[in-house]
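Enquirer: Could you have a look at this structure, given as structure tokens, before my questions?
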Amino acid sequence: MMQLETTMKRAGVPTGAVDRLSALPDALLHAILFFLPSPQVVRTCVLSQRWRHLWRSTPCIKINEQDFGFSAGISNVPLEERWARFEGFATNLLLSLDNTSPLDEFCLCSRVYNQCHVDRWIRRGIEYCPAVLHVLIVGRDYRLKLPAMASSSFHRLKRLHLLHVDLDGQFADLLPACPVMEDLDLEGCKFSGDFSQGMTSFTLKKLALNYCKNNTSRPLVITAPSLSDLDLTYGCYQAGIMLSKMDFLVGAMIEITENLTLSQSTRRGLLGSLFNVTSLELSGFEAKAMLNSKSNTLPIFCNMRTLCLNCCFLDECELSDRLEALGCFLQKAPCLEELTLSCSMFLSSSDSEWETGRKKGEFPQKNITLRRQDRKTFQCHKLKLIKVMYDHDQDHRLIELVWRLGRTLPDVNIELTKEDD
């Protein structure tokens with residue numbers, strides 16, 4: 001308190017001035033504490049008598065190892081000492097909270113130097129029945145599993161974010177125990193155990209699966225009839241992914257990483273599960289997945305209004321085949337209004353087929369255009385805008401692409417935008 005009074009005097013503030021901040025109601029003060037790291041929340045106890053115990057009823061707990069100098073190169077304190085301070089703070093904080101009110105949010109971001117302590121922190125945090133739960137494990141050792149808890153601990157849980165967590169058989173039972181779950185974000189997680197892998201939720205609206213792994217012999221089956229937003233970046237799914245009962249899906253982002261070997265039938269099967277989307281973004285898809293009779297396996301995307309192809313159709317097919325693949329896919333989207341081609345159709349570094357053909361003067365005489373699978377010229381009656389995103393404005397192949405699109409679709413506006421370096 002003496003230090004606080006000295007600071008106020010230096011700032012020209014009378015020490016007897018009214019503390020208007022402390023006069024605010026608890027609800028507003030808790031809203032302020034919500035945005036502070038937990039160590040700063042605890043430090044507010046020295047501000048005044050009014051703040052002495054306020055931190056105990058904070059609606060948000062954020063236990064983050066970075067607040068104790070675990071970021072690389074920011075502390076000369078030995079690792080054992082930093083962990084001891086972090087461990088002591090986290091344990092005492094969770095034991096000192098007012099347990100009469102549930103938490104709005106509980107977040108743990110930590111390495112697993114001590115399995116027992118980390119398990120205890122997670123268990124204690126879940127006991128406060130948070131509405132939002134983040135368990136972020138630094139590193140990829142996958143030693144941590146969510147502890148088994150009574151279903152009553154999850155009755156308020158609306159959002160769950162897990163990073164580098166081992167999802168065993170207990171996880172399949174967790175989602176049905178969350179009656180108000182709406183948002184699930186799994187990043188770098190691993191599905192373990194050779195049993196039926198699945199995620200079932202009738203309330204889930206947003207699902208993100210980024211770089212997760214399922215090396216078991218059973219496919220990952222996702223059943224979410226209320227899902228409206230899907231974000232899937234392929235990791236490793238040895239037996240594949242099955243999307244079931246997604247009739248209300250509105251938007252989807254599907255990314256296949258460059259170093260991932262994924263069969264064309266698997267790619268087409270995944271696309272076939274997204275037939276109701278109005279907005280679709282694809283990354284890393286190859287032209288072979290949509291060429292010729294293979295495209296017959298795709299459904300009609302009756303609701304699709306916007307389509308973004310990011311780094312797609314970059315396989316070894318010739319230009320004519322790439323454009324035919326695009327046409328085959330577009331014919332499945334009769335209501336498409338906007339198409340974005342972001343660094344797609346050709347590699348900016350090299351494409352000998354296109355460049356050699358241009359130098360020989362072949363393309364002006366060669367009839368290369370969007371084709372349907374029956375080889376007839378394709379018409380996109382509702383398509384109004386094509387956005388072409390590029391990274392090299394000196395590349396002649398870009399001009400060739402725009403020219404071909406313009407000849408095929410003369411009523412469509414074409415916008416060119418250079419990607420930021």
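Enquirer: Give the carbon-plus-sulfur fraction of the accessible surface of the range 126-211 in %, rounded to a whole number; probe 1.4 Å, heavy atoms of protein chains only. Before the final figure, lay out each step's value.
Expert: Working: 1870 of 3400 Å².
Within the range 126-211, the accessible surface is 55 percent carbon and sulfur.
Enquirer: Run the 1.4 Å probe and let me know the accessible area of ARG85, rounded to the nearest 10 Å².
Expert: Approximately 120 Å² for this residue.
Enquirer: Over 24 Å between C-alpha atoms is what I'm after, so list which of LYS213/LYS332; LYS205/LYS382; LYS190/LYS332; LYS158/LYS332; LYS245/LYS332; LYS332/LYS384 land there. It would help to have the intermediate numbers written out before the result.
Expert: Working: LYS213/LYS332 31 Å; LYS205/LYS382 29 Å; LYS190/LYS332 35 Å; LYS158/LYS332 36 Å; LYS245/LYS332 21 Å; LYS332/LYS384 17 Å.
Result: LYS213/LYS332; LYS205/LYS382; LYS190/LYS332; LYS158/LYS332 exceed 24 Å.
Enquirer: Toward the positive end of the charge dipole of the range 163-315, about the Cα centre and with charges on Cβ (Lys, Arg +1; Asp, Glu -1), which of GLY251, TYR211, VAL165 goes farthest?
Expert: GLY251
Enquirer: Give me a comma-separated list of calculated 3J(HN,Hα) values for the range 43-56, in order, Karplus coefficients 6.51, -1.76, 1.60 applied at θ = phi - 60°, integers in Hz, x for any Gly or Pro.
Expert: Couplings: 5, 5, 5, 8, 5, 5, 4, 5, 8, 4, 10, 4, 5, 5 Hz.
Enquirer: In the full protein assembly as shown, how much of PHE313 is accessible to a 1.4 Å probe, in Å² to the nearest 10?
Expert: Per-residue accessible area (PHE313): approximately 0 Å².
Enquirer: Which distance in Å, rounded to a whole number, links the C-alpha centroids of the range 204-258 and the range 163-178?
Expert: If you average the Cα positions of each part, the centres end up 15 Å apart.
Enquirer: Now, a different point. Once amide H atoms are built 1.01 Å from N in the peptide plane, which residues 5 or more positions from MET199, or in another chain, come under 5 Å H to H?
Expert: Correct list: VAL221, ILE222, THR223.
Enquirer: Rank these residues by their accessible area, most exposed first, probe 1.4 Å: HIS117, HIS53. Provide the component values of the computation, followed by the final result.
Expert: Details: HIS117 35, HIS53 105 Å².
Greatest to least solvent exposure: HIS53, HIS117.
Enquirer: Classify the range 108-247: rounded, prolate or oblate, from the alpha-carbon gyration tensor (a ≥ b ≥ c, eigenvalue square roots; a/c under 1.5 rounded; otherwise prolate if a/b is larger than b/c)? Spell out each step's value before the answer.
Expert: Numbers: a/c = 1.73, a/b = 1.18, b/c = 1.46.
Judged from the Cα gyration tensor, the range 108-247 comes out oblate (a/c at least 1.5, b/c at or above a/b).
Enquirer: Under 5 Å between amide H atoms, partner at least 5 residues away or on a different chain: which partners does GLU286 have, H built in plane at 1.01 Å?
Expert: HN-HN under 5 Å from GLU286: PHE313.
Enquirer: How would the range 43-154 be classified by its alpha-carbon gyration tensor: rounded, prolate or oblate, with rounded meaning a/c under 1.5 and the a/b versus b/c comparison settling the rest?
Expert: On the way: a/c = 2.20, a/b = 1.11, b/c = 1.99.
In terms of gyration-tensor shape, oblate.
Enquirer: Here's something else I'd like to know. List the chymotrypsin sites (Phe, Trp or Tyr not before Pro) within the range 33-67 that fall in a DSSP loop (any state other than H, G, I, E or B) and whose Cβ has at most 15 other Cβ atoms within 10 Å. Let's see the in-between values first.
Expert: Details: sites: PHE34, PHE35, TRP51, TRP55; in loops: PHE34, PHE35.
Answer in residue order: PHE34, PHE35.
Enquirer: Exactly which chymotrypsin sites (Phe, Trp or Tyr not before Pro) in the range 213-281 are in a DSSP loop and have at most 14 other Cβ atoms within 10 Å?
Expert: Working: sites: TYR234, TYR237, PHE248, PHE275; in loops: TYR234, PHE248, PHE275.
Those that pass, being in a loop and sparsely packed, are PHE248.
Enquirer: Checking the a/c ratio against 1.5 first, then a/b against b/c, what shape does the Cα gyration tensor give for the range 180-221? Kindly include the intermediate steps, with their values, before the conclusion.
Expert: On the way: a/c = 3.05, a/b = 1.55, b/c = 1.97.
Here the range 180-221 falls in the oblate category.
Enquirer: May I pose another question? Counting Lys +1, Arg +1, Asp -1, Glu -1, what net charge surrounds PHE275 among other residues with beta carbon under 11 Å of its beta carbon? Walk me through the intermediate numbers first.
Expert: Details: positive: LYS332; negative: ASP247.
Cβ neighbours under 11 Å give a net charge of 0.
The values are calculated or read from the model by the stated rules, or taken from the named source; none is laboratory data. Just so it is clear, the model here is predicted, and its values are computed rather than measured. Note that each Cβ is placed from the backbone with ideal geometry, even for glycine, and that neighbours are counted across all protein chains shown. To get the accessible areas, we keep the full protein, side chains included, count just its heavy atoms, and leave off ligands, DNA and RNA. Shrake-Rupley method; radii C 1.70, N 1.55, O 1.52, S 1.80 Å.
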